[in-house]
Structure formats: structure tokens, C-alpha cells
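Below you'll find the structure, written out as C-alpha cells, and then a few comments.
Here, each number is a calculation from the coordinates, and none is a lab measurement. All values reported here derive from a predicted model rather than from experimental measurement. For neighbour counting, all protein chains shown are included, and Cβ atoms are generated from backbone atoms with ideal geometry for every residue, glycine included.
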Ligand code: ADP
Ligand code: MG
């Protein structure tokens, strides 16, 4: 095998969506989404409210079942196990196992309110991965340090600002050593002055090589940190490309219209 072949083989996408369809009753929310995310890439997803962005992330994270097409993460079909040319639906335990590799951060900080920041971060590694408490605690403190909250480890969520809570949520996701991080409008519930500190943590994560899909209306972040920018509307990908190109020179009227409202 030549080095070129080796390089090509290692360039396998981490996420592949091919004609992904999803409906809720008679409402078709995803109408054939195609997308690929390479390892280490930051894919930004943009689009009006109701266009299906959250649903798409939820499908990737096994929270919704797709109705058509193919969706895979790290070579594994989401929801199915392939044996020969047969597909078997994953059992609950297998889904839970696969979901461990995917971290998700939502718009609303969904920390456990009765636990300190430290316990929020160390609980899943202890309960789910069976890590010993001392080890989990040390790692949680390192992660809290990394998101700039080393001195807030014994604070409860109610004692933290929205930006701090969201940074704890990121540390908590990282504690599971995910291969992929999904962000669903992580800064849109924050007061404007707190947005920057969360985006900074995400920027660091991207610089460290984390593969990320980020739904955001923060165009500056998409332009600076994103490797790709995909614009979705009404359940379809309208256009996708290098963020600078899409932002400076949108090809589709719907993209132009949307950008003119958020820029
Ligand atoms: P976005 O994140 O782009 O704002 P969503 O994925 O949240 O869009 O929603 C896309 C569409 O799907 C919306 O019309 C929404 O009302 C609908 N929808 C989302 N989740 C459900 C659900 N569980 N049941 C029924 N309709 C849903
Ligand atoms: Mg949404």
C-alpha cells in the first residue's frame, strides 16, 4: 500500500448522512439530508427556526429514528447493526453504548440542579463507565479547569451564570470522551455578554481536534471556526460550503435572505 492510499483510507468521514428522511405524523421534517463530517472537522449548521436542525442532531444522537436514507457515525449505522447484508435494530443497551461516543450540549443548560459542578461532570463516568471516584474526580477537575471553572467546582448550577453553566455542560459531555460533539444553539439562551466565554471554550475544543456539529446563529464563530457551513431550510440542505464563501457569496436567495437578517 502506498502512503497515498493510507492517507485516503484514514480520510473516512465520521458522520455520513445520505438522503435522511424524518417525519412526525404527516409532517415531513427532514426531506433527504446529505452531509458528511470528517474527523476533526467543525461543521456549522444554520437555518431558520423549524427547518429541522435540532431534529437532525437528535437523529445523529439516537434520540429520533429516521424514516428513510442512511445515517452513520464512525462507520456504524445509527439505530442498526449490520451483519452481512442484513440489518438488525439495535437493542436499548446497544443504543446506550453507541450514544456514549456522542456528546451533546443543548440551548438550555440541563445540569442536575442538586449536584455541584464537580459532581455534574464526574457522575456519568462513575455511574455509566464504572470509573473509580478518585480518578473521575481528578479528571472532572481538570476538565473544569479547561473550561475556566477550576475555582467553581463546588458551586451548584443556581450559583453559576448561564455562561458558566453552559461551560459545565461542555465539561460534562467531554468527561465521557466523546468522538463527536453536537451543539444545538449553545449560546442562544445566554445574555449577550456571556456568549463569548462559551464560544471561546468551543473554539479551544475545535483547535484541539474535536469533531463538532454546531447549530448556531453566531456567524462570526461559523466564519472563524467552521470548516463547513451548511444552510438548511424546510428540511433540505439549501447550500453548503466553506463558511467564508457561503457568508460572503451565498448562492441561494433563501440563504441570502436569512443571512441578511442575522448579520
Ligand atoms: P429547528 O431546530 O431548525 O428550529 P426542529 O428540528 O426543532 O427545527 O423542528 C422542525 C419541525 O419539526 C418543526 O415544525 C417542529 O415543530 C417539528 N417537530 C420537532 N419535533 C417534533 C416532535 N417530537 N413531534 C412533532 N413535531 C416535531
Ligand atoms: Mg432547534
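For residue 97 and residue 114 in the same chain, what is the full-extension length gain: residue separation times 0.36 nm, less their Cα-Cα distance, in nm?
My answer for the length gained is 3.5 nm.
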Extend 7 Å from the Cα of residue 234 along its Cα-to-C-beta direction; within the stretch 25-52, residues with backbone N under 14 Å of that point are 28-32, 48-52
Could you line up 155, 252, 114 from fewest to most neighbouring Cβ atoms inside 10 Å? 114, 252, 155
What percent does the relative contact order of the chain come to when contacts are Cα pairs within less than 8 Å and at least six residues apart? 24 percent
Mean shadow of the stretch 199-263, computed from the convex hull of its alpha carbons, in nm²? 4.3 nm²
Taking the Cα of residue 24, stepping 7 Å toward and past its beta carbon, and measuring to each backbone N in the stretch 207-246: which are under 17 Å? 233-236
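Rounded to the nearest 0.05, what FRET efficiency do residue 12 and residue 223 give with R0 = 30 Å and r taken as the Cβ-Cβ distance? Could you check? Show your work: numbers first, answer last.
Values: r = 27 Å, r/R0 = 0.90.
For R0 = 30 Å, the calculated efficiency reads 0.65.
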Taking r as the C-beta separation of residue 248 and residue 134 and R0 as 45 Å, the FRET efficiency to the nearest 0.05 is 0.30
Run lengths n ≥ 4 of DSSP H only: what is the helix-derived mean residue ellipticity at 222 nm for the chain, with -39500 (n - 2.57) per run over all residues, to the nearest 500? -11500 deg cm²/dmol
Over the stretch 104-177, calculate the relative contact order: mean separation of alpha carbon pairs under 8 Å at least 6 apart, over the residue count, as a percent. 47 percent
Across every pair of different alpha-carbon atoms, what Kirkwood hydrodynamic radius in Å does the chain reach? 19.4 Å
Among the stretch 117-138, those whose backbone N falls under 17 Å of a label point 7 Å along Cα→Cβ from residue 204 are 117-118, 121-122, 138
